[in-house]
Amino acid sequence: MTPPAPAGPRAIRALALAADPASTITEIRIAGPLAPLVTAGRLSLLTLAWHEAGPDDLDGIELLIGQRPISARHLRLLQAAHERGAAVVVDIDDLLTKPAPHLLSHATLARQAPWVERALDEADRVSASTPRLAEALAAPGRVLRVVPNYASPTARRQATAAAGSGGSGAVASVLLAASDAVAAGPAFEALRQLQAARGAQLRVVAIGPVATSARAAGLEVDARPLMSRDRFLAFAAALPRAVAVIPLDDSAFSAGKSAVKWFDFAAAGLPTLMSDRPPYRDVVEHGHTGWLLPDDADAWAEALTRALDDPALRKRVADAAEQSVLAQHSMARCTEAWRALVDELDAARAAGQVRRRGPAWQQRLLAPWHRLAVTLRRANRARLAKRQRRSPG
C-alpha cells in the first residue's frame with residue numbers, strides 16, 4: 001500500500017487591516033503579493049478596513065497584518081491580537097514618523113507619529129518597503145524585514161502610441177504624478193522655461209495634488225484626479241511624445257520612499273527624469289534606465305529638451321527601464337519576501353517567541369461597548385454609502 005504523501009504547510013489564518021482595502025497602496029503592499037500565498041494554500045486571508053474591525057474579528061486568527069497604524073484605536077487592535085496569541089506585522093511604506101514639511105497632511109501626520117512609533121514597538125515584525133526605510137525606522141526591540149514594492153506586470157505601451165514621434169510641430173507631453181504636494185525645485189523652473197519657449201507644443205499633465213504644486217510654481221497644467229493603478233498606467237501609456245518627471249526634495253521622508261513611481265512609469269513605457277536622490281539613485285542607471293539630475297534648472301532643461309526632441313533616445317531609455325524593472329522588481333520577489341516573513345512568524349509563534357499580552361480588566365469590561373461601537377460605525381458608513389448612491393450627482 002502506498003503511504004499518503006506528506007501534507008504541505010497548513011494555511012495560516014490571517015487578518016489584514018488597512019485604511020481602505022480597495023486602495024492602490026493596499027493592492028501593492030498586501031492584496032497583490034499575498035494572493036499567490038492564498039492560492040497556494042499557505043494563507044487564509046481576510047482584509048478589513050481599520051474602522052470596521054473590532055476585537056471579535058481577531059478571534060481565531062494567527063497573524064495580524066496592520067497597514068500604516070496611526071491611532072490609539074489601531075494600537076489597541078494590535079494589542080488585542082497579542083492578547084489572543086496572534087503574531088503581529090506592521091506594514092509601512094513611508095517614513096510616517098518624520099513627515100516632510102511640504103506635505104499637505106504634515107500637521108496630521110505629525111500628530112499621528114507617536115502612535116506610529118508605539119505600533120512599531122508593539123509589532124513582532126515590521127515589514128518596510130526599502131532597506132533605507134527599514135534603517136530609518138530601526139529602534140531597540142524592533143525587528144524589521146524588507147518587503148519590496150514591485151513593478152506592475154501590465155503590458156507595455158501601445159505600439160501606436162510609442163511609435164508616434166510626431167513632427168517638429170507635434171505636441172509633446174510631460175507627466176507629473178503624486179498623491180501629495182511636491183516641493184518646488186529646479187525641475188519646475190526648467191519646465192517653466194520650456195513652456196515659455198514652446199507654448200502650446202508642450203503639455204504638462206499633472207495627476208493628483210502635484211497639480212496644485214505645479215501651478216503654485218507658475219506652470220500651466222492639464223490637471224487630472226488620482227486614478228487606480230491600472231487606469232493610470234493606461235493613461236500614461238497613451239500620452240504622445242511623453243516623458244515623465246519625478247522631482248524630489250532632500251527630506252528623510254522622501255529618501256525613505258520606494259521607487260514604485262519609476263516602476264510604474266517604466267511599465268507604461270515612459271522614459272523618466274528624476275532628482276538625483278534616493279530612492280531613485282539606488283535603482284536607476286543614469287543615462288541608461290533614466291536620468292538622474294542635480295538641483296540645477298539648466299541641467300533639467302537640457303535633459304528635458306534632449307528627451308522630448310529625440311524619439312530614438314526616448315525609446316532606448318524606456319526599453320532599458322522596462323527590462324530593468326521587470327527583471328529586478330517583480331511581484332514574485334515581493335511575494336517571496338512575504339512568504340519568508342509568514343514562515344518566520346509561524347515558526348516564532350509555535351515556539352512562543354511572539355509577544356504575549358493578558359487582557360486588561362478594563363478591556364474585558366468594555367468589550368461589549370467596543371462591539372456596539374463597531375456595529376454603529378459599520379451601519380453609519382453603510383447609510384452614508386447608500387445616500388451617496390441615491391444622490392443625483
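Every number here is computed from the coordinates shown, using simple stated rules; none is lab data. Values in this document were obtained by computation on a predicted structure and should not be read as measured data. Positions of Cβ are backbone-derived with ideal geometry, glycine not excepted, and every protein chain shown enters the neighbour counts.
Peptide packing for 118-129, 300-311 was compared via the average number of neighbouring C-beta atoms within 10 Å per residue; ordered from the highest value, the list is 118-129, 300-311. Note on the stretch 159-326: Kirkwood radius taken over Cα pairs, Stokes-Einstein applied at 25 °C and 0.890 mPa s, translational D equal to 157 µm² s⁻¹. The spread of Cα positions in the stretch 204-298, taken along each principal axis and listed from longest to shortest, comes to 30, 28, 26 Å.
Magnitude of the Cβ-charge dipole of the stretch 159-326, K/R +1 and D/E -1, about the Cα centre, nearest 20 debye?
Computed charge dipole of the stretch 159-326: roughly 520 debye.
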